[in-house]
Amino acid sequence: MYDVIVIGGGVIGLSIAREIASGKSVLLLDRGATGEGASWAAAGMLSPLSEADEPGPFFELCRASHALFREFVEDLEQESGVDCGYSAAGLISLASSEESSRAFRRQYEWQRKAGFDVEFLSPGDVRSMEPLVTAKISAALFMPAEGSVIPRRLVNAIRESCIKRKVDIRTGVRVDSISKNAVRAGDAIVEAASIIVASGVWSPEIAGLDPLIPVHPRKGQILSLRMPAGAFRRMIRWQHSYFVPRNTEELVVGATNEDAGFDQSITPAGIGRLLADAQEISAHVGAYPILETWTGLRPATPDGLPNLGPSSIPGVYYATGHYRNGILLAPITAAIMAALVENRRPGVEMGPFSPARFKK
């Protein structure tokens, strides 16, 4: 009998288990090896402002989690000894048309009015900050507080922290069903006072959930290039593509967004589009060697918001459907789940993310 069972060993499940383990006994179950799903495939961007067209509950959730991240990483690195590759060098979003420039101006105005640190840049400003950018630029936004981590290192750090906090981690365990205070995996039944479903795209395959979790996979193809040291210093967004430079001399280029079910194949169309966009951002990268190509399956919901909160089954909670923001939302999701299982009020507005919104 455990206090809490967490189903799912990605960045969300591991972060929840770590947070709760400081005061309760925790069992974490994962169908594969921990951290090898969407978390492993992520680019690691921590950028709530760059994706926010307007204020709202989801933006506030991302903002709250972003505020926790530096301390989250510092604690992890101290506890695990793993360097998470955290960077806070900022992000530049590029506009290449008058329409995009007008949208950037509207975004800039509401974010400045709300008190956020954002700058409106001219093409000359961009080239002064990032000399290798060769894209056509009509305007740009700079968010100096945006950051990134190296997700594979981050997941390793959280796993090591979980182990030190005595989380019982069992891999290769496929959960078949849940009921009040019980999880069934094959012939085994494990009991706990609280159960948290954090298994991403695999959450809907668990029988007994109420309400059902309408999570579906969105395929993302991504690649990395070897860049000269210091070639790019900040993250760069252009249309649907982005650069994430790392201190390992890797330049991550992402990402496609495909409705392809559970297919994880790497395709000429997907990688070709990323390479073409990368060379639009900077013609220089055409000479950079390709280091790696990979895919991930992001857990998306019909309304684009995560499922966070209690199910209709007493003691069963959902923490899934984070789409492409799982890395960013890990600290706040862990804090929310810890509050719920301890019968405390989370410090954020939960209504928009309630699983009850999908109950028929």
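The values are calculated or read from the model by the stated rules, or taken from the named source; none is laboratory data. The structure displayed is predicted, hence computed values, not measured ones. Backbone-built Cβ (ideal geometry, glycine too); neighbour counts: all protein chains shown. Heads up: the accessible areas ignore ligands, DNA and RNA and are worked out on the full protein's heavy atoms, side chains in. Shrake-Rupley method; radii C 1.70, N 1.55, O 1.52, S 1.80 Å.
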Would you calculate a helix-derived [θ] at 222 nm for the chain, using -39,500 (n - 2.57) for each DSSP H run of n ≥ 4 and dividing by the full residue count, to the nearest 500?
-> -9500 deg cm²/dmol
Set the Förster distance to 30 Å, then compute FRET efficiency between K166 and A207 from the Cβ-Cβ distance, nearest 0.05.
-> 0.50
Give, rounded to the nearest 20 debye, the magnitude of the charge dipole that region 40-165 has about its Cα centre when Lys and Arg contribute +1 at Cβ and Asp and Glu contribute -1 at Cβ.
-> 180
Residue-wise, which Karplus ³J(HN,Hα) couplings in Hz belong to region 281-290, taking 6.51 cos²θ - 1.76 cosθ + 1.60, θ = phi - 60°, and x for glycine or proline?
-> 5, 8, 5, 5, 6, x, 9, 7, x, 7
Using θ = phi - 60° and Karplus 6.51 cos²θ - 1.76 cosθ + 1.60, couplings along region 229-239 (whole Hz; Gly, Pro as x) | 4, x, 4, 10, 10, 10, 5, 9, 10, 8, 6
Extension reserve of the W40-D187 stretch, reckoned as 0.36 nm per residue once the Cα distance is removed = 49.9 nm
From highest to lowest solvent-accessible area (probe 1.4 Å; ligands, DNA and RNA excluded), K164, K136, K24 read K136, K164, K24
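Give me the dipole magnitude in Debye, nearest 20, for region 141-239 about the Cα centre, with unit charges on the beta carbon: positive for Lys and Arg, negative for Asp and Glu.
So the magnitude is around 680 debye.
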Signed unit charges on C-beta, dipole axis of the chain, positive-most listed residue G208, V197, S87 = G208
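Can you work out the accessible area per residue across the chain, with the rest of the protein chains kept in place, probe 1.4 Å, in square angstrom?
Values: 15180 Å² over 360 residues.
The answer is 42 Å² per residue.
Could you list, in their original order, any pairs among K24/K113; K24/K359; K219/K359; K180/K360; K136/K219; K24/K219 whose Cα atoms are separated by more than 32 Å? Don't jump to the answer; show the numbers that get you there.
On the way: K24/K113 43 Å; K24/K359 30 Å; K219/K359 26 Å; K180/K360 20 Å; K136/K219 29 Å; K24/K219 36 Å.
Correct reply: K24/K113; K24/K219.
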Using only alpha carbon pairs under 8 Å that are at least six residues apart, calculate the relative contact order of the chain and give it in whole percent.
-> 24
Which Cα, out of P302, T34, L225, lies furthest along the positive dipole direction of the chain (beta carbon charges, K/R +1, D/E -1)?
-> P302
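Ignoring ligands, DNA and RNA, how do R18, R105 rank by accessible area with a 1.4 Å probe, largest first?
Details: R18 15, R105 95 Å².
Largest accessible area first, the list is R105, R18.
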Using DSSP, restrict attention to beta bridges with both residues in the chain and report what percent are antiparallel, rounded to the nearest 5.
-> 70
Cut-off 15 Å, label 7 Å out along Cα→Cβ of S96, residues of region 122-163 by amide N = 133-140
Can you tell me the dipole magnitude for the chain around its Cα centre, using point charges on the Cβ only (Lys, Arg +1; Asp, Glu -1), in Debye to the nearest 20?
-> 260
Can you give the accessible area of R112, probe radius 1.4 Å, in Å² rounded to 10?
-> 120
Tell me the trypsin sites (Lys or Arg not before Pro) within region 196-253 that lie in a loop according to DSSP and have at most 16 other beta-carbon atoms within 10 Å.
-> R233
Carbon and sulfur atoms: what percent of the 1.4 Å accessible area of region 214-306 do they account for?
-> 53
All other residues with a Cβ under 11 Å from the Cβ of D176 taken together, and with Lys, Arg as +1 and Asp, Glu as -1, what is their net charge?
-> +1
Distance from region 278-350 to region 217-241 (C-alpha centre basis), Å = 19
Excluding ligands and nucleic acids, what accessible area in Å² is computed for T171 using a 1.4 Å probe, to the nearest 10?
-> 70
Rounded to a whole number of µm²/s, how large is the Stokes-Einstein D of the chain at 4 °C and 1.567 mPa s, given Rh as the Kirkwood radius over C-alpha pairs?
-> 62
How large is ³J(HN,Hα) for each residue in region 74-80, as worked out from phi by the Karplus curve 6.51 cos²θ - 1.76 cosθ + 1.60 (θ = phi - 60°), to whole Hz, x for Gly and Pro?
-> 4, 5, 4, 5, 5, 6, 9
Overall Cα dimensions of region 1-133, principal axis frame, Å, largest first | 60, 33, 27
Quote the accessible area belonging to V167 in square angstrom, nearest 10, computed with a 1.4 Å probe and with ligands, DNA and RNA left uncounted.
-> 10
For E60, E109, E258, E146, give the ranking by accessible area with the largest first, probe 1.4 Å.
-> E109, E60, E258, E146
